[in-house]
Amino acid sequence: MVELENINQEFEIDLNQIQYVGGITVETDPTVPLHVKEITTEDITNWNNKSEFDGDYNKLINTPNIPSVPTKVSELENDSKYLTEYTETDPTVPSHVKNISQNDIANWNNKSEFNGNYNDLTNKPNIPTKVSQLENDKNYATENFVTSKIEEIEAGGGSIDVSNLVTKEELATKVDRVTGKSLIADSEITRLASVTNYNDTDIRNQLNTKASIDYVNEIVGDIETLLGGI
């Protein structure tokens, strides 16, 4: 084996003239990691130009003079004239509509659609329009009953005396009693009230034995019924 150190001392060797006869051609130094080998000079320049600042605001220089950092809009100057308060006055919505509540709407929806016309009612009461539709609980004599009784009397040779009964013409001229009214003038009533030497006790006692006006009206009604069938 030739010692290269000795050869190098005595000869100038042109490495390009040395014929490759086998051996290592790529540097594979195991002491240098691959990611280090890929670092370029440009990478190193960029790194050297970087700042050492860690991003902490408190370590900055020439910071702005801020007395305190605002946390509310009200702490800022309203130079854009934003609205700070507002009352809704929409002219397209009348005030009477704005005052309608949910309860109002519910009450209106629950109302009936009935128009108030009696004829549109259902289950109307059956109001009688004829006497025959009523129960004869007073046992009034009907026209047929009176007629049959008259026929029975006439068949037996008798007759009915109606000379003492009031006629239809006389009934037509009668005066009906009206509550609070009198058949004499008010001035006469006043005069009689001032009379002091008049004693009507006997007359009042006699009147108490007479039939009441209600009874008389009932009798008159019976007579009118009887006469209507004759």
### Message
The conditions are (1) aliphatic (A, V, I, L, M); (2) surrounded by 10 or more Cβ atoms within 10 Å (Cβ to Cβ); (3) under 30 Å from ILE223 (Cα atoms); (4) modelled with pLDDT of 80 or more, and ILE127 fails exactly one of them. Which is it?
### Response
(2)
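Only residues that are assigned to a helix (DSSP H, G or I) and over 26 Å from GLU218 (Cβ atoms): list them for segment 152-191, please.
GLU154, ALA155, ASP186, SER187, GLU188, ILE189, THR190, ARG191
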### Task
Being assigned to a loop (DSSP other than H, G, I, E, B) and of a type in the set (A, V, I, L, M) is the filter; apply it to segment 192-220 and report the residue that is modelled with the lowest pLDDT.
ALA211
### Message
With more than 60 Å from the chain's Cα centre (by Cα), at pLDDT 80 or above and not small (Gly, Ala, Ser) as the only criterion, which of ILE189, ILE223 stands out?
### Response
ILE189
### Summary
Only one of (1) within 30 Å of GLU218 (Cβ to Cβ); (2) loosely packed, with under 10 Cβ neighbours inside 10 Å; (3) among the aromatic types (Phe, Trp, Tyr) does not apply to TYR82, and that is (1)
### Summary
Checking SER112, SER148, SER101, SER132 in turn, the sole residue that is over 60 Å from the mean Cα position of the chain (by Cα) and free of Cβ contacts under 8 Å to residues at least 40 places away in the same chain turns out to be SER148
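The values are calculated or read from the model by the stated rules, or taken from the named source; none is laboratory data. Here the structure is a predicted model, which is why all the values come from computation and not from measurement. We place every Cβ from the backbone using ideal geometry, glycine too, and count neighbours over all the protein chains shown.
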